[in-house]
Amino acid sequence: MKRALLAVVLASTGIACGAESKVVRVYDGRVVEGAYVPPEAYAFYLRGALAAEKGDLRGALAAYEEALGEDDEDPEVWTRVGDVRCRLDPKDTKADDAIGRALKIDATYAPAHAARAACLSARGKQAEAAEAAKQASAYDPSNVDVEALVVRTAKPNAQLRERTIALTLAHGERIAAWEALVHWGRSHADAELLARGLEGLVRISPTRSPEVERGALELLGQGYGAYARRVAGAIADVPQDDGGYGPRDATVARLAVDDAVIGGDQARVERRAVRAHVALAEVAARALLLDRRDLSLRLAQEVTRADPRSSGAQMVLAALATRPQEASLPASAAEPAPEACALVLADAIASTSRPEVARAWLSRMQRTPMPAHDPVVSALAVDLAARGVLSPDELNIEHRIELAARNREAPPPIASLPPGAVDAKHAFLFHVLTNPSSKEAQALYARLAPAVDRDALVGFAVARVLLGKDSTDWTDVRRAIAAAPSHPLLLAVAVELAKRMGKADELPPARARLLAVARTAAERALATE
């Protein structure tokens, strides 16, 4: 757009020379000389560019074709026509005609080669697309958009991965560079680069926040919680003056807060909590669940100083006590308390008293529901259900799938659920509990196995697939167990693995470790059989 506007200014001021009526233009910061183009053609061109920017491809096509009516010797307009036609319908042969016309006018015109590459890629002709992108890069090696297209179409290798990273280092101010990194990360199951690309994208283009939030949830659902928190934090930290508005999705908002909590920076925690609209009382509970007790105490005390009636903060303070006494527990609340606050206190009561006492107290409390996919509070909710403090009916579908795994029983059905109700790792868990050799389980295994030591649920699901295959390579299973040495699902796997391998010396300690965290009858049976 800026390139085209500057060209209009230069053309209209009559900067031309010679009988051939040459005109100076600026393309992507480079001064070039070309044939004079009538202002009317530029007007239609700009109208088309504005329409394309808004997503109105048919309006853009109509305007570009009007521009051709004024001047049909400009390779850029022909390129735009071909590009838009292909985006509207990759099978449209008129797209090839338009791009071909552009290249007939100027065989070295890099954007035309790039448009041809994009069109071939849309048709699934990756080898031809890669060759066209390579040609575009040869004619214009400094063009970031062309270089990004090379990344999208070339065969993956370590050198291309580094080239993609280098693109963001050299052109970190360009959206195309970060889009290329996101594309690489997503298409090559490279969670690290996907996260880095999403972080960079939201920093330079805050209006892309909804897309970046979906990327954070995608990472979380694939078992990369740390990367998801990092991306969520980047969304929360974009200054409002730069167009940032903080996370909109409730789960992403909490991921951003959790990232700051783990870092231990109270000022950042409070700033993100305000930006993400997460109550500080809930943040105090989350800090307790993330083993940041000092931070949890400071936050809860800060809330009670500001609002002595905050039942959520009172619950967190009671949970932090050595032995919460029933007489000191919040008996009622003027308004519902955050679920996290109520559950941390229920956990403390159940741990120091009896599950039925915690269940009775919890049943009297009004609670705001936790958001979907919340990894921190979800784990506690499932554990409380396994201990009989929470009713299974109070759990969402993902929690019930986890509880089924701990009970070693069939999970609830998911076929009729709307898209997004179950994330990838819970779908994986569902299928391995139902039939670990099914095509669905195998497809999710191929996709999620790299996160085997990043997420306990993924680790358990991978282990179930390998146990079902009678595998002899248990490296991934042992990595998963080592990464989460106190998770009941993986401790159950450790017992099964010791039995499968006939490791008589490993079996007793494996059973002892499982028994220490066993909450369900199935877990206790496996630990004591």
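Placing dummy labels 7 Å off each Cα toward the beta-carbon, the span from residue 73 to residue 305 is 7.7 nm. Calculated on C-alpha atoms, the gyration radius of the range 165-323 divided by its Kirkwood radius gives an Rg/Rh of 1.06.
What's the ranking of 121-134, 246-259 by average number of surrounding C-beta atoms within 10 Å, highest first? If you can, show how the numbers build up before the last one.
Numbers: 121-134: 17.4, 246-259: 24.7.
So the order, starting with the most tightly packed, is 246-259, 121-134.
Relative contact order of the range 444-515: 26 percent, from C-alpha pairs under 8 Å at least 6 residues apart in sequence.
With all pairs of separate Cα atoms included, the range 400-529 yields a Kirkwood hydrodynamic radius of 14.8 Å. Is the shape of the range 72-115 best called rounded, prolate or oblate, per the rule: a/c under 1.5 gives rounded, else a/b larger than b/c gives prolate, else oblate, with a ≥ b ≥ c the square roots of the Cα gyration tensor eigenvalues? Prolate, because a/c is 1.5 or more and a/b exceeds b/c. Working note: 222 nm ellipticity from helices only, DSSP H runs with n ≥ 4, each -39,500 (n - 2.57), summed and divided by the residues of the chain, gives -20500 deg cm²/dmol to the nearest 500.
Using alpha carbons only, how many angstrom separate the centre of the range 429-476 from the centre of the range 146-165? Centre-to-centre distance over Cα atoms comes out at 30 Å. Accessible surface for the chain, divided over its residues, is 46 Å² per residue with a 1.4 Å probe.
Evaluated at q = 0.12 Å⁻¹, the base-10 log of the normalised Debye intensity for the range 45-172, with identical point scatterers placed on the Cα atoms, takes the values -0.46. Taking only protein heavy atoms and a 1.4 Å probe, the accessible area of the chain is 52% carbon and sulfur.
When the alpha carbon coordinates of the range 122-187 are projected onto the principal axes, the ranges are 30, 27, 21 Å, largest first.
Using Cα pairs under 8 angstrom and six or more residues apart, how large is the relative contact order of the chain, in percent?
Values: 830 pairs, mean separation 30.2, N = 529.
The value is 6 percent.
For 335, 66, what's the largest-to-smallest order of accessible area, 1.4 Å probe? All intermediate terms of the calculation are to be shown ahead of the outcome.
On the way: 335 125, 66 95 Å².
Putting 335, 66 in descending order of accessible area: 335, 66.
Packing, as the average of other Cβ atoms within 10 Å across residues, places the peptides 88-98, 74-84, 144-154, 500-510 in the order 74-84, 144-154, 88-98, 500-510, highest first.
Shape analysis of the range 270-427 yields a ratio of the Cα radius of gyration to the Kirkwood radius, Rg/Rh, of 0.98. The accessible area of residue 108, taken with all protein chains in place and a 1.4 Å probe, comes to roughly 80 Å². A Förster radius of 51 Å, combined with the Cβ-Cβ distance separating residue 475 from residue 127, puts the computed FRET efficiency at roughly 0.90. Near residue 452, once Lys and Arg are set to +1 and Asp and Glu to -1 for all other residues with Cβ below 15 Å from its Cβ, the sum equals +3. Compute the acute angle (0 to 90°) between the alpha-carbon long axis of helix 39-53 and the principal axis of greatest extent of the alpha-carbon atoms of the chain; round to the nearest 10°. Long axis of 39-53 versus the principal axis of the chain: about 10 degrees. The residues packed around residue 368, meaning those with a beta-carbon under 15 Å from its beta-carbon, carry a net charge of -2 if Lys and Arg are +1 and Asp and Glu are -1. If you take all other residues with their beta carbon under 12 Å from the beta carbon of residue 56, and give Lys and Arg +1 and Asp and Glu -1, the sum is +3. Calculated translational diffusion coefficient of the range 458-507 (10 °C, 1.306 mPa s; Stokes-Einstein with Kirkwood radius over alpha-carbon pairs) equals 149 µm²/s.
On alpha carbon coordinates alone, what is the Rg over Rh value for the chain, Rh being the Kirkwood radius?
On the way: Rg = 29.1 Å, Rh = 26.7 Å.
Result: Rg/Rh = 1.09.
Modelled this way, with points 7 Å down the Cα-to-C-beta line, the labels at residue 409 and residue 440 are 2.0 nm from one another.
Taking only C-alpha pairs under 8 Å that are 6+ residues apart, what is the relative contact order of the range 31-165 in percent? Please report the intermediate quantities before stating the final value.
Working: 179 pairs, mean separation 20.5, N = 135.
Reported relative contact order: 15 percent.
The values are calculated or read from the model by the stated rules, or taken from the named source; none is laboratory data. Note that the structure is a prediction, hence the values are computed from the model and not measured. We place every Cβ from the backbone using ideal geometry, glycine too, and count neighbours over all the protein chains shown. Side chains included, ligands, DNA and RNA excluded: accessible areas come from the protein's heavy atoms. Shrake-Rupley method; radii C 1.70, N 1.55, O 1.52, S 1.80 Å.
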